[in-house]
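**Student:** What follows is a single structure, and I will ask about it in a moment.
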Amino acid sequence: MEKMRPCKACGETVAKRAETCPKCGRQRPGGGVSSAVVITTALIGFAIVVYAFFRVATF
Ligand SMILES: [Zn+2]
């Protein structure tokens with residue numbers, strides 16, 4: 001069964017994997033996880049690791 005999500009632009013219920021909203025035409029209306037979120041999360045995780053490393057490494 002296809003998972004449904006509200007369109008981010010207009011609120012129309014669309015399939016999560018839909019490429020475009022049938023109502024307003026927005027690209028990837030169901031979103032999922034955008035690459036920007038993934039990159040931001042990765043950067044924050046990396047920063048935490050670097051911070052922890054320097055806290056341990058600094059005498
Ligand atoms: Zn829409």
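The values are calculated or read from the model by the stated rules, or taken from the named source; none is laboratory data. Here the structure is a predicted model, which means the values were calculated and not measured. All Cβ positions, even for glycine, are placed from backbone atoms using ideal geometry, and neighbour counts span all protein chains on display.
**Student:** Would you mind stating whether Gly45 is at pLDDT 85 or above, more than 10 Å from the ligand (Cβ to nearest atom), within 16 Å of the chain's Cα centre (by Cα) and among the small types (Gly, Ala, Ser)?
**Tutor:** So Gly45 fits the description; yes.
Matching residues to (1) loosely packed, with under 13 Cβ neighbours inside 10 Å; (2) part of a helix (DSSP H, G or I):
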| position | (1), (2) |
| --- | --- |
| Gly11 | yes, no |
| Ala18 | no, no |
| Cys24 | no, no |
| Val38 | yes, yes |
| Ala42 | yes, yes |
| Phe46 | yes, yes |
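**Student:** Still on this model: Go through (1) under 14 Å from the mean Cα position of the chain (by Cα); (2) near the ligand (Cβ under 10 Å from one of its atoms); (3) of a type in the set (Ser, Thr, Tyr) one by one and return the number of the condition Ser35 breaks.
**Tutor:** Evaluating Ser35 over (1) under 14 Å from the mean Cα position of the chain (by Cα); (2) near the ligand (Cβ under 10 Å from one of its atoms); (3) of a type in the set (Ser, Thr, Tyr) leaves (2) as the failure.
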